[in-house]
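> Starting off with a structure, shown below.
Read-outs throughout are calculated quantities, based only on the coordinates presented, and are distinct from any laboratory measurement. Bear in mind that the values here come from a model prediction, so they are computed numbers and not experimental data. Cβ placement follows ideal geometry from the backbone for every residue including glycine, while neighbour counts extend to all protein chains displayed.
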Amino acid sequence: MSEVFDVTIIGGGTTGMYAAFYSGMRDLKTKVIEYQPDFGGKVSFFYPEKKIYDVGGFPGVTGEELVTQVKDQANLVEPVMVQGEKIQSIEKLEDGSFRLINKNGGEHLSKAIIIASGMGTFDMQPLQVEGSETYKKEQVHYTIQNLKQYEEKKVVVISQSRVGIDWSLALENIADEVHLINRGEEFKAVYEHDMDQLKDSSVKVHLIQEVEKLHGDGHTMTSLTMKDGTELKVDHILVYEGLNIEKSMYAEWGLETEKGRIPVGTDMCSTIEGIFVAGDAAIYPSKTMLIATGFTEAMAAVNSAAMYLDPRAKSQVYSTVIYKYADQ
Ligand SMILES: Cc1cc2nc3c(=O)[nH]c(=O)nc-3n(C[C@H](O)[C@H](O)[C@H](O)COP(=O)(O)OP(=O)(O)OC[C@H]3O[C@@H](n4cnc5c(N)ncnc54)[C@H](O)[C@@H]3O)c2cc1C
């Protein structure tokens, strides 16, 4: 029998992780479940290396740094953090608690749920080249995190889009060599200044080219061959060939939806008692789809969950009077 949690948060983006911190701060036994192998949601996925300027208290922070800070903050209260699991369905049990079932049939039990799963799950289009599975994780990447790992390395970026140009330019002064391979004759969704920057850079662009084979000893990839037979030495490959987006399952979970999101009031309550919503998953008039919005909504959702679990609970608390984390 699975352990019963007070609050289970679906989605480990910035909103879900912050909700985990806040829930733990309110002494609720908390779990977060994230589909991706890593936490961070859209910030980690789409712009980990870019600077964000509109989060209060950070006059410029990269996506990756922000995710690290939010994760560290969540870890202060030691929630159970599950990664690589997709919640497929939710059942309300007779005693009012919930059973959350993952894709493989595994279950999680919880008295309340906070949905912080954005617009649903997304995956990168995988690299369809012999050997790419073998070198996955250490050498084949789908987002540009941890720039340090590319220092003095030979990097090949595979993309037809502006994302590939962005990544190549971000790595130009870090890596030893950057090659950009594009299947097409030109790049999609680019501005003139992107192309100008690329032309002025040291990035070696290969148009109408594809990777045909990866070479290595099964542990370490050392080179690749392109369609025309050219061999390139390589330490890391970065791939952006678009996204597979799986739409949210909120209607299947019995929730009212609007444009694929869940309508809520200022208390972040859904139409199902015991299920609360925060972040990009939530919709209401004048909603802003921003990181800081998710933080505020996470607080409101946790406060509503706390009062649902115990009607005597305070409607809000101040962290400044909860001294127990002060010296950590
Ligand atoms: C290109 C771009 C630039 C942006 N720039 C800014 C900016 O400068 N400033 C700013 O404030 N905002 C910006 N935003 C918006 C900001 O990224 C989002 O508002 C924020 O990331 C939403 O966070 P979230 O945690 O609510 O949702 P997400 O980040 O979408 O996280 C949801 C998580 O839930 C997981 N999930 C989904 N379904 C399930 C399931 N069934 N089971 C388990 N896990 C599940 C997903 O894998 C995902 O990790 C930008 C967005 C984009 C796309």
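> Test of understanding: what is the full-extension gain from ASP72 to GLN316, defined as 0.36 nm times their sequence separation minus their Cα-Cα distance? Intermediate values should be presented prior to the final figure.
On the way: separation 244, 0.36 × 244 = 87.84 nm, distance 2.25 nm.
Full extension of this stretch gives 85.6 nm more.
> On to the next question. Quick one: of the DSSP bridges fully inside the chain, what percent are antiparallel, nearest 5? Don't skip to the answer; put the middle values down first.
Working: 27 of 65 bridges.
For the chain, the DSSP antiparallel bridge percentage is about 40.
> Okay, next question. Pairs of Cα atoms under 8 Å, at least six residues apart: use those to get the relative contact order of region 126-241, whole percent. Before the final figure, lay out the partial values.
Working: 235 pairs, mean separation 41.5, N = 116.
Relative contact order, region 126-241: 36 percent.
> Moving on. Of the candidates ASP95, ASP194, ASP235, which one comes out as most mobile in a Gaussian network treatment of the chain with C-alpha springs shorter than 10 Å?
It is ASP95.
> Just to be sure I understand the model, the point goes 7 Å from the Cα along the line to the Cβ. What's the resulting VAL61 to GLU151 distance in nm?
2.4 nm
> Helix-only mean residue ellipticity at 222 nm, the chain, DSSP H runs n ≥ 4 weighted -39,500 (n - 2.57), per residue, nearest 500. What is it? Can you show the working numbers first?
Numbers: 6 runs with 70 residues, N = 328.
Helix contribution divided over all residues of the chain: -6500 deg cm²/dmol.
> Can you compute the radius of gyration and Dmax for region 83-233, using only the Cα atoms, both in Å?
For region 83-233, the Cα-based Rg and Dmax read 20.7, 66 Å.
> Decide, for region 1-59, between rounded, prolate and oblate: order the square roots of the alpha carbon gyration tensor eigenvalues as a ≥ b ≥ c, take rounded if a/c falls under 1.5, and otherwise choose prolate if a/b is larger than b/c, else oblate. Write down the numbers at each step before the final one.
On the way: a/c = 4.73, a/b = 1.68, b/c = 2.81.
Because a/c hits 1.5 or more and a/b fails to exceed b/c, region 1-59 counts as oblate.
> To continue, here is another question. Any chance you could run the full-extension gain for GLU252 through ASP38? It's 0.36 nm times the residue separation minus the Cα-Cα distance, nm to one decimal.
Values: separation 214, 0.36 × 214 = 77.04 nm, distance 2.55 nm.
This chain segment gains 74.5 nm when fully extended.
> Sequence gap at least 6, Cα distance under 8 Å: using those rules, report the relative contact order of region 188-265 to the nearest whole percent. All intermediate terms of the calculation are to be shown ahead of the outcome.
Details: 58 pairs, mean separation 10.6, N = 78.
It comes to 14 percent, rounded to a whole number.
> Sorting check: for 8-16, 288-296, 240-248, which peptide has the highest mean count of neighbouring beta carbons within 10 Å, and how do the rest follow? Mind dumping the intermediate values first?
Working: 8-16: 30.6, 288-296: 17.9, 240-248: 14.3.
Descending mean neighbour count gives 8-16, 288-296, 240-248.
> For helix 162-172, what angle does its Cα long axis make with the longest principal axis of the chain, in degrees from 0 to 90 and rounded to 10?
70 degrees
> I need the shape label for region 61-157. Rule: rounded when a/c is under 1.5, else prolate if a/b > b/c, else oblate, with a, b, c from the alpha carbon gyration tensor. If you can, show how the numbers build up before the last one.
Details: a/c = 3.11, a/b = 1.70, b/c = 1.83.
It comes out oblate by the Cα gyration axes.
> Moving on. For the pair GLU186 and ILE245, what calculated FRET efficiency results from E = 1/(1 + (r/R0)^6), where r is the Cβ-Cβ distance and R0 = 25 Å, to the nearest 0.05? Working shown, then result.
Numbers: r = 24 Å, r/R0 = 0.98.
Once rounded, the FRET efficiency stands at 0.55.
> With a 10 Å radius around each residue's Cβ, average the other Cβ atoms per peptide and rank 41-49, 300-308, 22-30, 274-282, highest first. The partial results should precede the final answer.
Values: 41-49: 19.2, 300-308: 24.4, 22-30: 22.6, 274-282: 27.7.
Ranked from most to least packed, the peptides come out as 274-282, 300-308, 22-30, 41-49.
> Report, for region 126-241, the % of DSSP beta bridges that are antiparallel, rounded to 5. List each step's numbers first, then the result.
Working: 8 of 26 bridges.
Around 30 percent of the beta bridges assigned by DSSP in region 126-241 are antiparallel ones.
> What is the helix-to-structure angle for 63-75, meaning the angle in degrees between its Cα long axis and the longest Cα principal axis of the chain, kept from 0 to 90 and rounded to the nearest 10?
30 degrees
> Next up: To the nearest 0.05, how large is the calculated FRET efficiency for LYS199 and GLU107 if R₀ is 45 Å and r is the Cβ-Cβ distance? Present the calculation step by step, with values, prior to reporting the outcome.
Values: r = 55 Å, r/R0 = 1.22.
Result of the calculation: an efficiency of 0.25.
> At a threshold of 8 angstrom on Cα-Cα distance, excluding pairs fewer than six apart, so keeping six or more, what relative contact order does the chain reach in percent? Could the numbers behind the result be given before it?
Working: 686 pairs, mean separation 62.5, N = 328.
Normalised by residue count, the contact order of the chain is 19 percent.
> Separate question: Looking only at region 1-153, where both bridge partners belong to it, what percent of the DSSP beta bridges are antiparallel (to the nearest 5)?
Numbers: 12 of 28 bridges.
If I count the DSSP bridges inside region 1-153, around 45 percent turn out antiparallel.
> Please say if the chain is rounded, prolate or oblate, where rounded means a/c under 1.5 for a ≥ b ≥ c the square roots of the C-alpha gyration tensor eigenvalues, and otherwise the choice is prolate for a/b larger than b/c and oblate otherwise?
Working: a/c = 2.21, a/b = 1.97, b/c = 1.12.
Prolate is the answer for the chain, as a/c is 1.5 or above and a/b outweighs b/c.
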